[in-house]
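A quick write-up on the structure given underneath.
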Amino acid sequence: MSPVDILCLGEPMLEFNQQPANAEGRGLYLEGHGGDTSNAAIAAARAGARAGYITALGRDAPGDSFMKLWAAEGVDASTVQRRADAPTGIYFVTHGPDGHAFTFYRAGSAASRMTPDDMPAEAIRQARILHISGISQAISTSAADACFRAIEIAREAGVTVSYDTNLRRSLWPLPRARATIHAALRMADIALPSYDDATALTGLEDPDAIADFYLEMAPQVILKLGKDGVMVADRTSRTTLPGRIVKAIDATGAGDTFAGNFLARTIAGDTPIDAARYANAAAALATTGYGAVAPMPREEAVRKFLES
């Protein structure tokens, strides 16, 4: 493969997103694509970065669907394995008064069977940023170890490591999640926690205290505050950017959209604040449609929104 700017690692999953019931009251689901780091790779590609993906897929129809998706989106899939002995995962998104909820069917998936020996060392060394998430490590012990190995390869080569906490309590016990995620963040250059994740992982509620906590681990913290915006912090300064007002209907891939756009703009040479401002706008736009991938905006739409 040719070198990419941003190489993401994790599990893609075929998505079925709940739609409003029809006239007969039947529940309908819209098929789409999800998986947090796959979403981030696509968002980065739509923002103009050269993005690639490390994962394993089943030799099945959902796996074929992802290969077609990445080809259409310009995401390099040369580091994707195909396995005949394991399926591609799927999940359902439902919507209610408390927001969106996920139901996963991923036990024994191809991605969950990744091991440290499966990590494409040369591709990682040639990238500029390696992006991983808590979900990448939550799906199995071997996948967690694979992520640590990928981080080690990146650090040895001077490749920037980005880590999004993306805590999913249904995947692992909180003490184990806390230990694993924080161990990875101590090896990262960019920490991308959300406020909800951070309160669960740290027990803290004040954004400044959360930023201080994670700055003990990583030199740059981008704390996603949802509708309240984003805090950009390093060990000498911090800035909070306000949220963008949109008519939101589905926040499924908003955090992943933020991550991909932030990393893409970082690669393009933006300051962290400018990159976060751009990513904040992109993430807001991503909530105005259903599904993780379909509503992700391209650069023209983000620029227009920023000017409005």
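A few comments on the model shown:
- Computed over the alpha carbons of region 160-308, Rg followed by Dmax gives 14.8, 44 Å.
- Positive minus negative residues near Asp164 (Lys, Arg vs Asp, Glu; Cβ under 10 Å): -2
- Kirkwood Rh in Å, taken over region 164-235 so that all alpha-carbon pairs contribute: 12.0 Å
- Average projection, convex hull of the Cα set of region 16-165: 10.2 square nanometres.
- Gaussian network model of the chain, springs between alpha carbon atoms under 10 Å - residue of Ile129, Ile249, Ile222 with greatest fluctuation: Ile249
- Beta bridges by DSSP in region 113-249, antiparallel share as percent, to the nearest 5: 45 percent
- Summing Lys and Arg as +1 and Asp and Glu as -1 over all other residues whose Cβ lies under 11 Å from the Cβ of Lys224 gives a net charge of -4.
- Rough spin-label spacing in nm, given labels placed 7 Å along Cα→Cβ, for Thr103 and Asp206: 4.2 nm
- Counted over the chain with a bin width of 20 Å, the fraction of Cα pairs per bin, in whole percents, is 36, 60, 4.
- In straight-distance terms, cross-link reach from Lys247 covers every one of the lysines whose alpha-carbon lies under 18 Å from its own, apart from those fewer than eight places away in the same chain; here that gives Lys227, Lys304.
- Charge tally in the Cβ shell below 9 Å around Arg83, where Lys, Arg are +1 and Asp, Glu are -1, Arg83 excluded: +2
- Treating r as the C-beta distance of Glu152 and Arg235 and R0 as 30 Å, the FRET efficiency rounds to 0.80.
- Beta bridge orientation in the chain: antiparallel %, DSSP, nearest 5: 45 percent
- Efficiency of FRET between Phe305 and Gln19 - r from beta-carbon atoms, R0 22 angstrom, step 0.05: 0.30
- Residues Ala248 and Arg59, FRET efficiency given R0 of 41 Å [Cβ-Cβ distance, rounded to 0.05]: 0.65
- Euclidean distance between Cα centres, region 72-95 to region 176-206, Å: 26 Å
- Residue ranges 43-50, 61-68, 4-11 sort as 4-11, 43-50, 61-68 when ordered by packing (mean number of other C-beta atoms within 10 Å per residue, highest first).
- For region 220-308, the calculated P(r) over all alpha carbon pairs, in 5 Å bins from 0 to the bin holding the longest distance, is 3, 16, 27, 27, 17, 7, 2, 0 percent.
- A convex hull fitted to the Cα coordinates of region 91-234 yields 118 cubic angstrom per residue.
No value in this document is a laboratory result; all are computed from the given coordinates. Keep in mind the model is a prediction, meaning the values are calculated, not measured. Please note: Cβ atoms are built from the backbone with ideal geometry, for glycine as well, and neighbour counts cover all protein chains shown.
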